[in-house]
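All remarks here apply to the structure that follows.
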C-alpha cells in the first residue's frame, strides 16, 4: 500500500482536521515552529506506536482526543480475515467511493500518557438498519441475522463469515451505501484491521536532533541484528559446544567438591556446582573505523551524520524486507545530515 494523504486533528498546533497530501517526494517547508515536525511525529505515532502524551493535544480545543488518519492506494487484491477464506476490501465495503482506503486511529490523552483507543475506516458502507454492523457479528449471529431477514443461504458456505455477509448484502434491496466511519474493534472488522496493518509500509523517521556516534544504541542496532542472524544460523552447532563445555565444567566442579569433602564434609555440603554462560551476541561489538583506522565517532559531524543516516536506511530496509512492504523515509532537516552535494534527488 502507498500512503497518499495524512489527516491530523487536535494534535499540537493542528486544532481542526488538517489534510496533507503525500507524493513520492514530499517536502515540508515553513518557518520554525510552524508544525512541520508535528506531521512527521503524527505519522510515527500512527505507524510505529510512538509515545503520545496529554501535552500533544491542541491547547485551543480543550479536547483530549487526538485523531490521525492515513489514506492509501495500491491496495491488496485480496485479504484473509475469516478462517482462511479470502475476500476483498471492496467486497467488505471498506473503501471510500474513490477507491482509496482511509484508516483513522484515535488516541485518548486524558491521562499524562496517551493511549490508542480505537481504529475506524472511512468507507462507503451499508447503513440500512439491521445490516450496517455485519462486520462486528460472530458467525452464529450472522446466521441468525440471515434467518431473521429470510435470506436464502443455499449454495453459500455457512462456515465462512465473509460469504454469509455477502449473501445478506446481496439479498438486501437497498443497502443505503453511505460514506461513514466503520469501527474496526470487533470480530471480522478487527481481523480486517490486523490484516491491513501487515500491508502498510514501514515508516522510518530520521530526526535532526538524534545522536550521531557509531556507538549509540540506535546506530548499533542494524549491525547487532546482523550478529544475531549470523549466530542464529549456527545456533545448533553453538548450543552443542555450550553443552559440551558445561558438561566438562560441571564434572571438574563436582570432582573438586568431592576432594573438599575429604577434608571438610560440612563445607562440601554447602557447595553446589553451577555453570552459567553469556549470550553469544554479547561477545561481539561492531564499530566502523575510517581512514588510518580512526573511529567514526572521532570524526567530524559531517562524516558521522551520513554514517548514521545510512545505518537508519539499512535498518528500515531490513524491516521492510521482512514484511515484504515498502518504506516511507521521513528525514527531518536533511541539510543537517549530509553535504549539500548529497541532497540531490
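The values are calculated or read from the model by the stated rules, or taken from the named source; none is laboratory data. This one's a predicted model, so the numbers in the text were calculated from it and none came from an experiment. Neighbour counts are summed over all protein chains in view; Cβ atoms, including those assigned to glycine, are modelled from backbone coordinates with ideal geometry.
For residue 164, indicate whether it is assigned by TED's automatic domain parsing to the domain that holds residue 77, modelled with pLDDT of 90 or more and within 22 Å of residue 77 (Cα to Cα). If you could, list the steps in order and put the result at the bottom.
Values: assigned by TED's automatic domain parsing to the domain that holds residue 77: yes; modelled with pLDDT of 90 or more: yes; within 22 Å of residue 77 (Cα to Cα): yes.
For residue 164, the condition - assigned by TED's automatic domain parsing to the domain that holds residue 77, modelled with pLDDT of 90 or more and within 22 Å of residue 77 (Cα to Cα) - is met.
In the range 223-230, is there at least one residue being assigned to a helix (DSSP H, G or I), over 22 Å from residue 308 (Cβ atoms) and modelled with pLDDT under 80?
Yes - at least one qualifying residue is present in the range 223-230.
Could you list, in sequence order, the residues of the range 46-71 that are under 21 Å from the mean Cα position of the chain (by Cα) and crowded, with 21+ Cβ neighbours inside 10 Å?
Scanning the range 46-71 gives 46, 47, 52, 66, 68, 69, 70, 71.
Out of the residues in the range 18-41 that are in contact with a helix residue (DSSP H, G or I) (Cβ under 9 Å, 6 or more places away or on another chain) and not in a loop (DSSP other than H, G, I, E, B), state the one that is surrounded by the most Cβ atoms within 10 Å (Cβ to Cβ).
41
Could you identify the single residue in 59, 66 that is in contact with a strand residue (DSSP E or B) (Cβ under 9 Å, 6 or more places away or on another chain) and either modelled with pLDDT under 95 or in the same structural domain as residue 12 (by TED's automatic domain parsing) (or both)?
66
Any chance the range 1-18 includes a residue that's free of Cβ contacts under 8 Å to residues at least 12 places away in the same chain and within 23 Å of the chain's Cα centre (by Cα)?
No, every residue in the range 1-18 fails to be free of Cβ contacts under 8 Å to residues at least 12 places away in the same chain and within 23 Å of the chain's Cα centre (by Cα).
If you check 262, 237, which single one turns out to be at pLDDT 90 or above and either within 40 Å of the chain's Cα centre (by Cα) or farther than 27 Å from residue 308 by Cα (or both)?
262
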